[in-house]
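Coordinate-derived values only; no laboratory data. The model shown is predicted, which means the values in this text are computed figures rather than measured ones. Cβ: placed from backbone, ideal geometry, glycine included. Neighbour counts: every protein chain shown.
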Amino acid sequence: MGIFRTKSVEDAIATTDEPEHRLRKTLSAWDLTVFGVGVIIGTGIFVLTGEAAGTRAGPAVALSFVVSGIVCALAALCYAEFASTVPVAGSAYTFSYASLGEVVAWIIGWDLILELALGASTVAVGWSSYAADLLSVTLGLDLPPWLYSTDPSPTNPNLIAAAVILVLTAVLCVGTKTSARVNAVVVGIKLLVVGIVIVAGLFFVQRDNWSPFVPPTGSAGASSTPADPSLWEDLGVPLGTFGIGGVFTAAALVFFAFIGFDIVATAAEETRNPQRDVPRGIFGSLAICTGLYVLVSLVVTGMVSYEQISVEAPLANAFRSVGAEVVATLISVGTVAGLLTVMMILMLGQNRVLFAMSRDRLIPAWFSKVNERSGVPTRITAVTGVVVAVVAAVTPISELAEMVNIGTLFAFVLVSIGVVVLRRTRPDLPRAFRMPWVPVLPILSAVAALVLMGFLPAISWIRLGIWMAVGVLVYLAYGYRHSRLAKRS
């Protein structure tokens, strides 16, 4: 069978009924939609809008969000078919195991570790600064800087970032339904703030700021530091910043804002009716967030010229520039609340991927033990929480958005290919949701993801290659010999 041995769909579903590995089915389509909104609405809407508009696309950043949304929608069709066919924890990892083979599944699981764990760590560092600023503005409470270093190191740790990760880990250990309730409350606050931003911002929009809607290539922008060249530019494609090329380059950046809808698929095993509810949760959260992103980007670029937009805090500074301090404060509240759910759901997704890998014995089986009282894998949840907290406290992580983006797009490519493969190898499987126009749309999804990857810097490709090479070595040293399929063969 070798490294490309596959785990049958029937076998994958059967493992979910093992008493020591059985997750509790408590989630509905509403819970999954709120999970998706909770993780998608975060850094992207509050921060990346300014960088994408000010350094790459101008007002046309709204089109960049549409482009990223289309790429995600194509991938969402693939995820929905897989999740309705293989309703098992692990998302892209599990789907790849059933279609492309063990080594590919390991690679995608290893890739998701990078995306989710480092993503949560970085969001925690950003959250600590936002929380400190909010306390200072609203309560006059100035926290000592040594508590929340924006450039953490072993000698200068970010203790607040570590603390918030540990608190959220405790919430996840209590149970998935409790996590869903906490998430729903925070998402409600976050959506209220986004709604206020859109409605209030319309009163300050100046149409002149939207002209030209697509700035000409080579425009100055809001930052004196030029954006890193994309891989396409390194290969000789003359894109530059702004113009049509800038719209697609910005799309590759703001793609970070959409990361998370695929996490809905990792909770398929804990859903009461996964065949029906997982596709609804994926498409519902993606549609809501794409609409909000487009509206917010139009408002903020209408309030402030893209040449003067704040790259660090675009929404809050846009309202401060027109004297709306109350709205600016509300935005800070929304940011702090929003990033909490982003961290929590990123860690939830990470835990479920590692749980699935442990259940398959690609990592030690000790981690996949499910707590009888809470119905969640508390061991892997606690270990992951501690690791993420330590990383957030002591590791300086720069340019993570591009790194996380390329990892997610890589997962999209493999899942898209997997749909075609599984349709051919197992046409008999019952599929509650069937992706239309196979193989045309899955191939288009894979190509779209690859093209968008090309708009990221070449260094991101190099880092991804190094991370994948390390992962293959770990697999050959442990997973290849200890997996369930290896023992069976």
Original post:
To the nearest 10 degrees, how steeply does helix 119-139 sit against the main Cα axis of the chain, on a 0 to 90 scale?
Top reply: 40
Subject >> Reciprocal mean inverse distance between Cα atoms of region 302-414 - Kirkwood radius, Å >> reply: 17.6
Original post:
Each label point is 7 Å from the Cα along the Cα-to-Cβ direction; what then is the distance between the points at I3 and I198, in nm?
Top reply: 4.7
Subject >> Highest-first arrangement of 340-346, 430-436, where packing means the average Cβ count within 10 Å >> reply: 340-346, 430-436
Original post:
Nearest 0.05, what FRET efficiency do A486 and R22 give at R0 = 22 Å with Cβ-Cβ as r?
Top reply: 0.40
Subject >> Signed unit charges on C-beta, dipole axis of region 290-363, positive-most listed residue V322, V296, M357 >> reply: M357
**OP:** Could you work out the relative contact order of the chain, using alpha carbon pairs under 8 angstrom and six or more residues apart, expressed as a whole percent?
**Re:** 34
Subject >> Amide hydrogen neighbours beyond the local backbone of L27, cut-off 5 Å, H modeled >> reply: T271, R272
Original post:
Tilt of helix 458-474 relative to the longest C-alpha principal axis of the chain, in degrees (0 to 90, nearest 10)?
Top reply: 20
Original post:
Considering region 355-489, what Rg and Dmax in Å follow from its alpha-carbon atoms?
Top reply: 18.6, 50
**OP:** With everything on Cα atoms, drop me the angle between helix 400-425 and the longest principal axis of the chain, reported from 0 to 90° to the nearest 10.
**Re:** 40
Subject >> Fraction of alpha-carbon pairs over 31 Å apart in the chain - percent >> reply: 41
**OP:** May I ask you to give the average projected area over all directions of the convex hull of the Cα atoms of region 15-77, in nm² rounded to one decimal?
**Re:** 6.5
Subject >> Sequence of H21, H482 once ranked by neighbouring C-beta atoms within 10 Å, starting from the fewest >> reply: H482, H21
**OP:** Among F4, F258, rank each residue by its count of other Cβ atoms within 10 Å, from fewest to most, as a rough exposure measure.
**Re:** F4, F258
**OP:** Could you sort out which of K25/K177; K25/K190; K7/K487 sit more than 21 Å apart by Cα distance in this structure?
**Re:** K25/K190
Original post:
Can you run phi through the Karplus equation (6.51, -1.76, 1.60; θ = phi - 60°) for region 431-445 and list ³J(HN,Hα) in whole Hz, with x for Gly and Pro?
Top reply: 10, 5, 10, 10, 5, x, 6, 7, x, 4, 5, x, 5, 4, 4
Original post:
So, in Å, what gap is there between the alpha-carbon centers of region 429-470 and region 288-361?
Top reply: 25
**OP:** Give me the aspartates and glutamates in straight-line cross-link reach of K369: C-alpha distance below 19 Å, same-chain residues under 8 apart excluded.
**Re:** D11, D17, E18, E20, E269, E270, D360
**OP:** Report the GluC sites (Glu not before Pro) located in region 340-435 that are in a DSSP loop and have at most 16 other Cβ atoms inside 10 Å of their Cβ, or state none.
**Re:** E372, E399
